[in-house]
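Reading through the structure tokens given below for one structure.
The values are calculated or read from the model by the stated rules, or taken from the named source; none is laboratory data. What you see is a predicted model; the values in this text were computed from it and never measured. Cβ placement follows ideal geometry from the backbone for every residue including glycine, while neighbour counts extend to all protein chains displayed.
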Amino acid sequence: MRKGAKISQARRLRKAMTKPEVWLWGSLKSQHDSGLVFRRQHPVGPYILDFYCVKAKLAIEVDGEHHTRDEQIIRDQVRDAYLARLGVAVHRVIARELLMDPDETITGVFAVALARLAELGLPLPSSDA
């Protein structure tokens, strides 16, 4: 798929986000002052990531029921391997868990992002930001 077509597809996906994605996005974008800036529906190679933190090289994927099917599990593994070759870590969030306990899930996402910064040897955001 051409780069322009991938960007157009990402724009369409931004307008058609699932309820769990909308909830997570609301929390992620409200934390820009933390130093962790996330993008939504971000194209990387042949894929579009649900959310991406450039600084932490971290993809956040919100997985619905279809991600439990064998064929989708294989596709996710191929995708994760591709991203790993680019140095991008993937953190998967179960959509149902996000809906049942959004605060805990969102806290977990930020913990993973901070751990990823540390793993990369990057400075952690200051708490007074």
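Is at least one residue of the stretch 61-69 among the polar types (S, T, N, Q) and closer than 22 Å to L28 by Cα? Before the answer, list the steps.
So in the stretch 61-69, the residues among the polar types (S, T, N, Q) come out as 68.
Checking which are closer than 22 Å to L28 by Cα leaves us with none.
No, there is no match, as no residue in the stretch 61-69 is among the polar types (S, T, N, Q) and closer than 22 Å to L28 by Cα.
Only one of A56, A129, A115 is hydrophobic (A, V, I, L, M, F, W, C), surrounded by fewer than 14 Cβ atoms within 10 Å (Cβ to Cβ) and either on the phi < 0 side of the Ramachandran plot or at pLDDT below 95 (or both). Can you tell me which?
Numbers: A56 fails: surrounded by fewer than 14 Cβ atoms within 10 Å (Cβ to Cβ); A115 fails: surrounded by fewer than 14 Cβ atoms within 10 Å (Cβ to Cβ).
Exactly one residue qualifies, and that residue is A129.
Applying the selection to the stretch 99-112, what residues are of a type in the set (A, V, I, L, M) and surrounded by 12 or more Cβ atoms within 10 Å (Cβ to Cβ)?
Going through the stretch 99-112, the residues of a type in the set (A, V, I, L, M) turn out to be 99-100, 106, 109, 111-112.
Within the stretch 99-112, L99, I106, V109, V112 meet the criteria.
Quick check on the stretch 20-45: of everything there that is modelled with pLDDT under 85 and surrounded by 11 or more Cβ atoms within 10 Å (Cβ to Cβ), which residue is nearest to the chain's Cα centre (by Cα)?
Within the stretch 20-45, the first condition is being modelled with pLDDT under 85, and the residues that meet it are 29-35.
This time we only want the ones that are surrounded by 11 or more Cβ atoms within 10 Å (Cβ to Cβ), so: 29, 31-32, 34-35.
Working: K29: 12, Q31: 14, H32: 15, S34: 17, G35: 16 Å.
Looking at the filtered set, the residue picked out is K29.
Tell me whether the stretch 2-17 contains one or more residues that are out of contact with any Leu (no Cβ under 8 Å at 6 or more places or on another chain), under 25 Å from D101 (Cα atoms), of a type in the set (S, T, Y) and modelled with pLDDT under 90. Give the steps one after another, and end with the answer.
Residues of the stretch 2-17 out of contact with any Leu (no Cβ under 8 Å at 6 or more places or on another chain): 2-17.
Adding the requirement that they be under 25 Å from D101 (Cα atoms) leaves 13-17.
Imposing the further condition that a residue be of a type in the set (S, T, Y) reduces the set to none.
Taking every residue of the stretch 2-17 in turn, none turns out to be out of contact with any Leu (no Cβ under 8 Å at 6 or more places or on another chain), under 25 Å from D101 (Cα atoms), of a type in the set (S, T, Y) and modelled with pLDDT under 90.
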